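Peer 1: Encoded as C-alpha coordinates, here's the structure I'll be asking about.
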(Lines give C-alpha, C1' and ligand atoms only; values in the text may rest on other atoms or scores of the structure.)
Protein backbone atom coordinates (compact mmCIF):
# COMPACT_ATOMS: atom_id res chain seq x y z
CA UNK A 1 0.00 0.00 0.00
CA UNK A 2 1.45 3.37 -0.97
CA UNK A 3 1.93 6.05 1.68
CA UNK A 4 1.80 9.83 1.45
CA UNK A 5 5.12 11.41 0.31
CA UNK A 6 6.78 8.15 -0.76
CA UNK A 7 8.86 8.36 -3.93
CA UNK A 8 8.90 5.68 -6.63
CA UNK A 9 11.08 5.24 -9.71
CA UNK A 10 10.62 3.36 -12.97
CA UNK A 11 13.73 1.37 -13.91
CA UNK A 12 12.81 1.56 -17.60
CA UNK A 13 12.06 5.23 -18.33
CA UNK A 14 13.54 6.59 -15.05
CA UNK A 15 10.31 8.44 -14.23
CA UNK A 16 10.09 9.49 -10.53
CA UNK A 17 6.73 10.05 -8.84
CA UNK A 18 5.71 11.21 -5.39
CA UNK A 19 2.57 9.86 -3.73
CA UNK A 20 0.06 12.66 -3.07
CA UNK A 21 -2.88 10.36 -2.27
CA UNK A 22 -2.07 7.11 -0.50
CA UNK A 23 -3.74 3.77 -0.88
CA UNK A 24 -2.78 2.18 -4.20
CA UNK A 25 -1.51 -1.37 -3.76
CA UNK A 26 1.37 -0.61 -6.16
CA UNK A 27 2.50 1.83 -8.84
CA UNK A 28 3.15 0.73 -12.41
CA UNK A 29 5.06 2.47 -15.21
CA UNK A 30 6.11 1.07 -18.60
CA UNK A 31 4.04 -2.04 -17.73
CA UNK A 32 6.39 -2.85 -14.79
CA UNK A 33 6.07 -2.23 -11.04
CA UNK A 34 7.85 0.91 -9.89
CA UNK A 35 10.48 0.63 -7.14
CA UNK A 36 10.02 2.52 -3.90
CA UNK A 37 12.98 4.81 -3.19
CA UNK A 38 14.50 4.67 0.29
CA UNK A 39 16.65 7.65 1.25
CA UNK A 40 20.29 6.87 1.96
CA UNK A 41 21.43 8.78 5.03
CA UNK A 42 25.19 8.68 5.21
CA UNK A 43 26.42 5.16 5.83
CA UNK A 44 26.93 4.66 2.10
CA UNK A 45 29.91 5.64 -0.04
CA UNK A 46 29.57 9.16 -1.42
CA UNK A 47 27.86 10.66 1.61
CA UNK A 48 30.09 13.75 1.58
CA UNK A 49 28.59 14.75 -1.78
CA UNK A 50 24.99 13.69 -1.14
CA UNK A 51 23.70 14.10 2.42
CA UNK A 52 21.75 17.38 2.68
CA UNK A 53 23.24 19.96 5.04
CA UNK A 54 20.81 22.43 6.64
CA UNK A 55 21.75 25.89 7.86
CA UNK A 56 19.56 28.65 9.22
CA UNK A 57 19.40 31.91 7.27
CA UNK A 58 17.40 35.07 7.90
CA UNK A 59 14.55 33.98 5.58
CA UNK A 60 14.35 30.37 6.85
CA UNK A 61 16.79 27.61 5.89
CA UNK A 62 19.36 26.93 3.21
CA UNK A 63 19.94 23.34 2.12
CA UNK A 64 23.26 22.46 0.51
CA UNK A 65 23.78 19.04 -1.02
CA UNK A 66 26.81 17.53 0.64
CA UNK A 67 29.62 18.91 2.73
CA UNK A 68 31.57 18.87 -0.56
CA UNK A 69 29.71 20.45 -3.51
CA UNK A 70 27.92 17.88 -5.67
CA UNK A 71 28.65 17.88 -9.43
CA UNK A 72 25.97 19.57 -11.54
CA UNK A 73 26.81 18.10 -14.95
CA UNK A 74 24.50 17.18 -17.83
CA UNK A 75 24.34 13.46 -16.95
CA UNK A 76 24.98 13.72 -13.17
CA UNK A 77 23.21 16.36 -11.12
CA UNK A 78 20.79 17.00 -8.27
CA UNK A 79 17.30 17.00 -9.79
CA UNK A 80 15.50 18.31 -6.72
CA UNK A 81 15.76 19.17 -3.04
CA UNK A 82 12.68 18.71 -0.83
CA UNK A 83 11.89 19.95 2.66
CA UNK A 84 9.08 18.12 4.43
CA UNK A 85 7.16 19.61 7.35
CA UNK A 86 4.12 18.20 9.13
CA UNK A 87 1.72 19.60 6.52
CA UNK A 88 3.84 20.79 3.57
CA UNK A 89 6.31 19.61 0.96
CA UNK A 90 8.55 22.36 -0.41
CA UNK A 91 10.60 21.46 -3.48
CA UNK A 92 13.32 23.24 -5.41
CA UNK A 93 13.96 21.79 -8.87
CA UNK A 94 17.52 22.13 -10.11
CA UNK A 95 19.30 21.78 -13.45
CA UNK A 96 22.85 21.18 -14.66
CA UNK A 97 25.08 24.20 -14.11
CA UNK A 98 23.19 25.46 -11.04
CA UNK A 99 24.55 25.31 -7.50
CA UNK A 100 23.41 22.21 -5.59
CA UNK A 101 21.56 24.26 -2.96
CA UNK A 102 18.25 25.99 -2.30
CA UNK A 103 16.64 28.29 0.24
CA UNK A 104 13.24 27.60 1.79
CA UNK A 105 11.01 29.92 3.78
CA UNK A 106 10.44 27.55 6.68
CA UNK A 107 11.58 27.46 10.30
CA UNK A 108 14.29 24.89 10.99
CA UNK A 109 12.28 23.56 13.96
CA UNK A 110 9.35 22.76 11.62
CA UNK A 111 11.46 20.55 9.34
CA UNK A 112 10.73 16.82 9.67
CA UNK A 113 12.90 15.62 6.79
CA UNK A 114 15.10 16.95 4.00
CA UNK A 115 15.85 14.84 0.95
CA UNK A 116 17.46 15.24 -2.44
CA UNK A 117 17.52 13.21 -5.63
CA UNK A 118 20.75 12.62 -7.56
CA UNK A 119 20.24 11.46 -11.16
CA UNK A 120 23.01 8.85 -10.75
CA UNK A 121 23.01 7.89 -7.05
CA UNK A 122 19.31 8.18 -6.18
CA UNK A 123 17.55 9.51 -3.11
CA UNK A 124 19.44 10.82 -0.06
CA UNK A 125 18.05 12.26 3.12
CA UNK A 126 18.75 13.90 6.42
CA UNK A 127 16.00 13.33 8.96
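The values are calculated or read from the model by the stated rules, or taken from the named source; none is laboratory data. Everything numeric in this text was worked out from a predicted model, so none of it was measured. All Cβ positions, even for glycine, are placed from backbone atoms using ideal geometry, and neighbour counts span all protein chains on display.
Peer 1: Anything in region 94-110 that is touching a residue at least 40 places away in the same chain (Cβ under 8 Å), assigned to a loop (DSSP other than H, G, I, E, B) and touching a strand residue (DSSP E or B) at 6+ places or on another chain (Cβ under 6 Å)? List them, or say none.
Peer 2: Selection gives 105, 106.
Peer 1: Quick one: how many residues across region 111-121 are at pLDDT below 95 and in a strand (DSSP E or B)?
Peer 2: Qualifying residue count for the region: 0.
Peer 1: Further, regarding this structure: Might you let me know whether region 77-84 holds any residue that is at pLDDT below 95 and closer than 18 Å to residue 4 by Cβ?
Peer 2: Of region 77-84, the ones at pLDDT below 95 are none.
Scanning region 77-84 turns up no residue that is at pLDDT below 95 and closer than 18 Å to residue 4 by Cβ.
A quick yes/no check of all residues on (1) under 19 Å from residue 125 (Cβ atoms); (2) loosely packed, with under 11 Cβ neighbours inside 10 Å; (3) out of contact with any helix residue (DSSP H, G or I) (no Cβ under 9 Å at 6 or more places or on another chain):
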position	(1), (2), (3)
14	no, yes, yes
23	no, yes, yes
54	yes, no, no
57	no, no, yes
74	no, yes, yes
105	no, yes, yes
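Peer 1: Could you run through region 107-121 and say how many residues are surrounded by fewer than 18 Cβ atoms within 10 Å (Cβ to Cβ) and within 16 Å of residue 6 (Cα to Cα)?
Peer 2: Residues in region 107-121 being surrounded by fewer than 18 Cβ atoms within 10 Å (Cβ to Cβ) and within 16 Å of residue 6 (Cα to Cα): 2 in total.
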